[in-house]
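What follows is a set of notes on a single structure, which appears directly below.
The values are calculated or read from the model by the stated rules, or taken from the named source; none is laboratory data. Because the structure is predicted, anything quoted here is derived from the model rather than measured. Reconstructed Cβ throughout: ideal geometry from the backbone, glycine too, with neighbour counts over all protein chains shown.
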């Protein structure tokens, strides 16, 4: 379902069942839930993508199952899925603009406030957009750097 | 045998580089009508690039390439400046040339008949029915009449390559270019493709073949061209190239080839 | 606190109308996006380095900024350069452009998935670029990218919820409105979630059906 609706759900449901949290915490919980679902899918695909041959070789060499998991499967899965993971991070970053709806003072909400007082929507919102863009570019750059440092995977 | 010595393909001073590597270093070559020219040489010598330049699949950096007297790819304008031809011009220059690729490059979503007929319908603008008839005939010529409705994935490598040859033949070109046509095939499938090519040569087709099949070159070629490091080291009849003492590079290449193939003779003789 | 579903059932007809708006904007957005995306992908294949770079930049900007911010720019910022849109126009334009950028990437990957050798063979046989694209590249490409297309269409159905923020009377807007009027926040939000969940399930099912049909038809053997 839409992230917006998830957000609203968490925001309204928690107080209903007696858990009182500030909007920011509720928002973070909703974002985290959404992110977790996507990350699970990505990592699942990554684990499946690790060539069986490499796992077999490890087992034959005498690695214990736990070692095979942590020393071979996880690093390889991470390398394989790095682009998708970084991509997901940028999506969460963009989705964060929605938490303005539940009153959290983040970039979009603050932009709205400034527009309300200065009556210059185009400039302010474009500036906001540029900031998001810069953040996303930085994120992608980080992902590229990490990929290279981890040695490229195949 | 008095043949028209019409030069169908002419290369003069052709240079080609990829990035920092100069792959073709000033190639001059003429292919005359009814010649069967086999281009041989070590890997990386530029043989395939040379062939691909002939149809402008690779753009030559300098020099001129003419097909049947018409330049392809670049024209020298009135001011003497080198100008790239438009798409229509390139297509026009290619109309008499057929090309067969190492990877066959058949279109997997069409049947064998579909593959062969497609260009007839789209380029020659034949009605579907007539194109199908012609395509069927060409498939018969390469021995695959009964496989017309098969899809490429259902055919063996040798069969796929023969369909590819039929596809090029259907356009009735004057010249057929072959880029290592058997290099991707299992050994037992090579023969059926070479046989089709032999038949084409017998029928008088002008052919340029980049190949490692020295036996084919020795038996079928009218000329063998030896390419090494972007240059043509020798061109001549197979006898001259293979048997006579020529350039040391050629001797080295042929010795290597002979010794690898002599190995089989020696092993079976001894055993 | 009490839980009273009647709040929803009383105003069912309003909700149905809102659902219509949601579906309408979703389908329109997808349609605009498909056309725009395909056009952008085609532009990236030919047309020279300057055009290609410009298209690249547009795609990256639209993909790199939140949809909400893009809507704000169009709806609130539009008048500044002479573009006065009512909410629905802004919503459709925004969704169409947003969808277009993502569709463009999918089409681009699809074009690159077809082996270049097949295109070379077609070119040697004398086929023109348009013919090659239509007869050789597209049929194979569509099969390959269908899952990605379906996925994006489903994502776009969820993005329509954001249109509520610029007061377009779609599902989220109307149901939140009901919630605000009746103070039945929990009931309304749950209903909203349920409806979207149903919508996505139906769309996903249709997508799977389409994938099965196309797969069987176009790639035998």
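The figures follow:
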{"quantity": "Search result, residues across segment B:165-178 that are within 9 Å of chain C (Cβ to nearest Cβ), in a helix (DSSP H, G or I) and more than 12 Å from the chain's Cα centre (by Cα)", "calculated": "B:167"}
{"quantity": "Residue C:187 vs. criteria over 23 Å from the mean Cα position of the chain (by Cα) and either touching a residue at least 12 places away in the same chain (Cβ under 8 Å) or facing chain A (nearest Cβ under 9 Å) (or both)", "calculated": "yes"}
{"quantity": "Subset of segment B:135-154 that is out of contact with any helix residue (DSSP H, G or I) (no Cβ under 6 Å at 6 or more places or on another chain) and more than 13 Å from every other protein chain (Cβ to nearest Cβ) - its residue that is nearest to residue B:107 (Cα to Cα)", "calculated": "B:136"}
{"quantity": "Among the residues listed as C:126, C:215, C:205, C:179, the single one being on the phi > 0 side of the Ramachandran plot and either more than 13 Å from chain A (Cβ to nearest Cβ) or more than 17 Å from the chain's Cα centre (by Cα) (or both)", "calculated": "C:126"}
{"quantity": "Residue satisfying condition, being part of a helix (DSSP H, G or I), surrounded by 14 or more Cβ atoms within 10 Å (Cβ to Cβ) and free of Cβ contacts under 8 Å to residues at least 24 places away in the same chain, within set A:134, A:126", "calculated": "A:126"}
{"quantity": "Given (1) more than 13 Å from the chain's Cα centre (by Cα); (2) over 24 Å from residue B:58 (Cα atoms); (3) surrounded by 20 or more Cβ atoms within 10 Å (Cβ to Cβ), number of the condition residue B:199 does not satisfy", "calculated": "(3)"}
{"quantity": "Elements of type strands (runs of 3 or more DSSP E) contained in segment B:1-108, each with 2 or more residues being away from every other protein chain (no Cβ under 14 Å), within 28 Å of residue B:172 (Cβ to Cβ) and in contact with a strand residue (DSSP E or B) (Cβ under 9 Å, 6 or more places away or on another chain)", "calculated": "B:7-18, B:21-32, B:36-40, B:62-67, B:74-76"}
{"quantity": "Residue satisfying all of: in segment C:106-123; in contact (Cβ under 8 Å) with a residue 12 or more places away in the chain, surrounded by 15 or more Cβ atoms within 10 Å (Cβ to Cβ) and part of a helix (DSSP H, G or I); nearest to the other protein chains (Cβ to nearest Cβ) among these", "calculated": "C:118"}
{"quantity": "Residue check for residue C:91: more than 13 Å from every other protein chain (Cβ to nearest Cβ) and either under 18 Å from residue C:22 (Cβ atoms) or out of contact with any helix residue (DSSP H, G or I) (no Cβ under 9 Å at 6 or more places or on another chain) (or both)", "calculated": "yes"}
{"quantity": "Pick from segment A:101-118, criterion more than 9 Å from chain C (Cβ to nearest Cβ) and assigned to a helix (DSSP H, G or I), ranking: surrounded by the fewest Cβ atoms within 10 Å (Cβ to Cβ)", "calculated": "A:117"}
{"quantity": "Evaluation of residue A:63 against (1) at pLDDT 80 or above; (2) surrounded by 12 or more Cβ atoms within 10 Å (Cβ to Cβ); (3) more than 15 Å from residue A:96 (Cα to Cα) (one fails), failing number", "calculated": "(1)"}
{"quantity": "Residue selected from segment B:155-164 under the condition touching a helix residue (DSSP H, G or I) at 6+ places or on another chain (Cβ under 7 Å) and not in a loop (DSSP other than H, G, I, E, B), by the criterion farthest from residue B:199 (Cα to Cα)", "calculated": "B:157"}
{"quantity": "Residue in segment C:155-172 that is farther than 30 Å from residue C:46 by Cα, more than 14 Å from chain A (Cβ to nearest Cβ), out of contact with any strand residue (DSSP E or B) (no Cβ under 8 Å at 6 or more places or on another chain) and not in a helix (DSSP H, G or I) present", "calculated": "yes"}
{"quantity": "One residue from C:58, C:62, C:51, C:84 being in contact with a helix residue (DSSP H, G or I) (Cβ under 9 Å, 6 or more places away or on another chain) and assigned to a loop (DSSP other than H, G, I, E, B)", "calculated": "C:84"}
{"quantity": "Residues that are in contact with a helix residue (DSSP H, G or I) (Cβ under 8 Å, 6 or more places away or on another chain) and more than 19 Å from residue B:220 (Cα to Cα), drawn from segment B:170-187", "calculated": "B:170, B:171, B:173, B:184, B:185, B:186"}
{"quantity": "Meets criteria (out of contact with any strand residue (DSSP E or B) (no Cβ under 8 Å at 6 or more places or on another chain) and at pLDDT below 85) for residue C:217", "calculated": "yes"}
{"quantity": "Set C:115, C:147: member being modelled with pLDDT under 90 and out of contact with any strand residue (DSSP E or B) (no Cβ under 9 Å at 6 or more places or on another chain)", "calculated": "C:147"}
{"quantity": "In segment A:119-138, residue farthest from the other protein chains (Cβ to nearest Cβ) [restricted to those that are more than 15 Å from residue C:67 (Cα to Cα) and within 16 Å of the chain's Cα centre (by Cα)]", "calculated": "A:138"}
{"quantity": "Failed condition for residue B:150, given (1) assigned to a helix (DSSP H, G or I); (2) over 16 Å from residue B:189 (Cα atoms)", "calculated": "(1)"}
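Quick grid of which residues meet (1) crowded, with 16+ Cβ neighbours inside 10 Å; (2) within 17 Å of the chain's Cα centre (by Cα):
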residue	(1), (2)
C:26	yes, yes
C:57	no, no
C:85	yes, no
C:92	yes, yes
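The rows are residues; the columns are (1) surrounded by 13 or more Cβ atoms within 10 Å (Cβ to Cβ); (2) more than 12 Å from chain C (Cβ to nearest Cβ).
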site	(1), (2)
A:7	yes, no
A:19	no, yes
A:40	no, yes
A:47	yes, yes
A:67	yes, yes
A:76	yes, yes
